[in-house]
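S.K.: Here you go, one structure.
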Amino acid sequence: MTTVLTPQVLVVGAGSAGVAAAVAAAESGAETLLVEATGHVGGTLANQLLEHSAGFHDAAGNQVTGGTGQRIVSLLQQYGGSPGHIPDDVAYTATRTPVNHAELSMCEAILLRRAGVTLMLDTAVVAVSTVDSVVSEVAVETAGVGRTVIRPGIVVDCSGDAVVFGLAGAALQTDRPGRTQPLSLTLKLGAVDFGPLLDYARSHPGDFRAGSHIGQPSDDHVNLWGFGALLAAGHADGRLSWRRTELHLAGWPTRGEAVLNVTRTVSGYLVLAEQVMQTVDWFRRYVPGGTNAYLAAVADRVGVRESRRILGLTTLTQEDVLGGRRSPESIGTGAFPIDVHDADAPGLSHTDGLRAAYDIPYGVLVARDFTNLLAGGRCVSSTHEANGSARITATCFTTGEAAGTAAALATLGGFDTHELEVGKLQAALRARGVIGARA
Ligand SMILES: Cc1cc2nc3c(=O)[nH]c(=O)nc-3n(C[C@H](O)[C@H](O)[C@H](O)COP(=O)(O)OP(=O)(O)OC[C@H]3O[C@@H](n4cnc5c(N)ncnc54)[C@H](O)[C@@H]3O)c2cc1C
């Protein structure tokens, strides 16, 4: 017989947005079920080995992300899994927030447990039923267990790919059919000798991003963006089959660990796997300090920068983001540069730094055509350009937290997501420490 569950709030996806959404919904008093397709929490930030969490501060150094995102960082700091927000060596942003990936995942699990969230791992959403403008049932499959039917009060889609919206037939953005950002497979090297590596960077300033602060081997964390000459040499001798003019290296020198973001394609895993091995070979041969480096870990799956984005009651645009636009319906703020990678260009194709933070209106979370469906994280209602900023993890914590809090308020108050009084949501978010939730 099929099991049927009836949580007040169902959160789909346990990445940055989903963890924040589930913690917020449960702490707001709603029975909350979180389903996650993989066997672990943390999503892209934890399991795809991102260089660092980014977007917590604006260009002037004012904090723009608080709430559950900050609580996760603080807990991680208590356990020694993060130094917290530190200045960004390459001055791309004011701060960056390095995280130990495994410890991040564990700390997020601790917060979920403390909040009273029910978690189903290895459980993927496979079908959605709707009645008029309501998502009535969500079917999930748990590996080795089978199917469960969930009849939720409100669904918060934090799958990154807007899975529930897609299966429900909800409206999606159509501004870039088939032309989203390219895919990457991030890799972590061990046994990197940072002495020679940092000496090389210091003696080749023209090969690294202007403004780079080159750290010391005794530093806990370093951030380097460059290596263009060495990449060109690897490309010229045929060791690197794709062309990049720069790579991003986030290192933990005292541990000899370096995360490299350099692979890039639109073709998928098999191409990326070869690029990973070519990178390891290139690093050993060309990068000073790289002779003994080995592949310590690879992202648990292909990193998707952009896929489906929902069509909400409001859509965040490039003008909103670049203009630092205010909204009376603000549920939080974002301030990360518009960071758009182009599959056809060897560098970053489009980067716009922001002078001021922008407000994120409640409407970007709300399904236009359903009254119990919200989104948080990478798939919120945004144009391709605006998504280049809103997809960053600090902002995903914020939109997830707002969607989870809104879901709890709606289901406990007996109204739908379109009827929710945004002033009440803003007050609840401010009480949770969210920055910028105000009229
Ligand atoms: C290569 C790369 C480098 C990046 N670098 C940085 C960086 O340095 N700093 C930074 O802050 N951001 C970076 N980003 C952007 C950022 O990582 C993502 O946009 C962000 O993590 C998305 O968070 P999310 O919570 O929306 O989704 P995710 O963290 O992707 O979480 C979605 C979760 O939903 C689950 N899921 C999906 N489908 C289903 C289903 N059917 N049923 C159940 N669960 C499902 C997934 O398994 C996953 O755990 C990078 C992205 C990429 C791809």
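The values are calculated or read from the model by the stated rules, or taken from the named source; none is laboratory data. Source: prediction; values computed, not measured. Cβ coordinates were reconstructed from backbone atoms using ideal geometry, including for glycine residues, and neighbour counts include every protein chain displayed. Areas reflect the complete protein model, heavy atoms only, side chains present, ligands, DNA and RNA absent. Shrake-Rupley method; radii C 1.70, N 1.55, O 1.52, S 1.80 Å.
S.K.: Output the relative contact order of the chain, whole-number percent, from Cα pairs under 8 angstrom with separation of 6+ residues. It would help to have the intermediate numbers written out before the result.
M.R.: Working: 1155 pairs, mean separation 101.9, N = 439.
After rounding, I find 23 percent.
S.K.: Need one number: % antiparallel among DSSP beta bridges in the chain, to the nearest 5. Don't jump to the answer; show the numbers that get you there.
M.R.: Values: 48 of 66 bridges.
Taking every DSSP beta bridge within the chain, about 75 percent pair in antiparallel fashion.
S.K.: In debye to the nearest 20, how big a dipole does the chain give about its Cα centre with +1 on each Lys and Arg Cβ and -1 on each Asp and Glu Cβ?
M.R.: Details: 32 positive and 42 negative charges, 37 e Å.
Computed about the Cα centre, the dipole is about 180 debye.
S.K.: Please list, ordered by chain and number, the residues whose modelled amide H lies under 5 Å from the amide H of V126; skip anything fewer than 5 residues away on the same chain.
M.R.: A139, V140, E141
S.K.: Which one of A25, A127, A14 has the biggest mean-square fluctuation once the chain is modelled by GNM with Cα springs under 10 Å?
M.R.: Among A25, A127, A14, the largest GNM mean-square fluctuation belongs to A127.
S.K.: A further question on this structure: Taking all protein chains as present, what is the carbon and sulfur share of the accessible area of the chain, in % to the nearest whole number, probe 1.4 Å? Don't skip to the answer; put the middle values down first.
M.R.: Values: 8200 of 16050 Å².
Carbon plus sulfur share of accessible area: 51 percent.
S.K.: Pick out the long, greasy-scoring helices in the chain: whole DSSP H runs spanning 15 Å or more along their own axis by Cα, mean Kyte-Doolittle at least -1.0. Provide the component values of the computation, followed by the final result.
M.R.: Working: long enough: 16-27 (17 Å, 1.36); 67-78 (17 Å, -0.08); 101-115 (21 Å, 0.38); 269-286 (25 Å, -0.03); 393-413 (29 Å, 0.79).
Helices meeting the criterion: 16-27, 67-78, 101-115, 269-286, 393-413.
S.K.: Could you do me a favour and compute the accessible area per residue for the chain, 1.4 Å probe, result in Å²?
M.R.: Details: 16050 Å² over 439 residues.
I get 37 Å² per residue for the chain.
S.K.: Taking 0.36 nm per residue of sequence separation and subtracting the Cα-Cα distance, how much length would be gained by fully extending the chain between T317 and T3, in nm to one decimal?
M.R.: Working: separation 314, 0.36 × 314 = 113.04 nm, distance 4.20 nm.
Value of the extension gain: 108.8 nm.
S.K.: Calculate the spin-label point distance for L270 paired with V149, positioning each point 7 Å from the Cα along the beta-carbon direction, and give it in nanometres.
M.R.: 4.0
S.K.: Restrict the search to region 335-439; then list the chymotrypsin sites (Phe, Trp or Tyr not before Pro) that DSSP places in a loop and that have at most 14 other Cβ atoms within 10 Å of their Cβ. Write down the numbers at each step before the final one.
M.R.: Details: sites: Y358, Y362, F370, F397, F415; in loops: F370, F415.
Filter output for region 335-439: F415.
S.K.: Report the extension gain between D237 and L172 in nm, rounded to one decimal, defined as 0.36 nm multiplied by the number of residues separating them, less their alpha carbon distance. Numbers along the way, then the final one.
M.R.: Numbers: separation 65, 0.36 × 65 = 23.40 nm, distance 4.41 nm.
Contour length minus the Cα-Cα distance gives 19.0 nm.
S.K.: Still on this model: Measuring from label point to label point, each 7 Å out along Cα→Cβ, what is the D281 to H213 span in nm?
M.R.: About 3.8 nm separates the two model spin labels.
S.K.: Work out, step by step, the length gained on full extension between R430 and T118: first 0.36 nm times the residue separation, then minus their alpha carbon distance; give nm to one decimal. All intermediate terms of the calculation are to be shown ahead of the outcome.
M.R.: Details: separation 312, 0.36 × 312 = 112.32 nm, distance 2.51 nm.
Contour length minus the Cα-Cα distance gives 109.8 nm.
S.K.: First obtain the Kirkwood hydrodynamic radius of region 183-303 from its Cα pairs, then insert it into the Stokes-Einstein equation at 25 °C and 0.890 mPa s, and state the resulting D in µm² per second as a whole number. Mind showing how you got there, number by number?
M.R.: Numbers: Rh = 14.3 Å.
Taking Rh from Cα pairs, D becomes 172 µm²/s.
S.K.: To continue, here is another question. Above 16 angstrom, tally the Cα pairs of region 92-174 and express them as a % of all pairs, no decimals.
M.R.: Values: 2236 of 3403 pairs.
Value for region 92-174 (Cα pairs over 16 Å): 66 percent.
S.K.: For the chain, count all C-alpha to C-alpha pairs, find those more than 41 Å apart, and express that count as a whole percent of the total. Don't skip to the answer; put the middle values down first.
M.R.: Values: 13549 of 96141 pairs.
Distances greater than 41 Å cover 14 percent of the Cα pairs.
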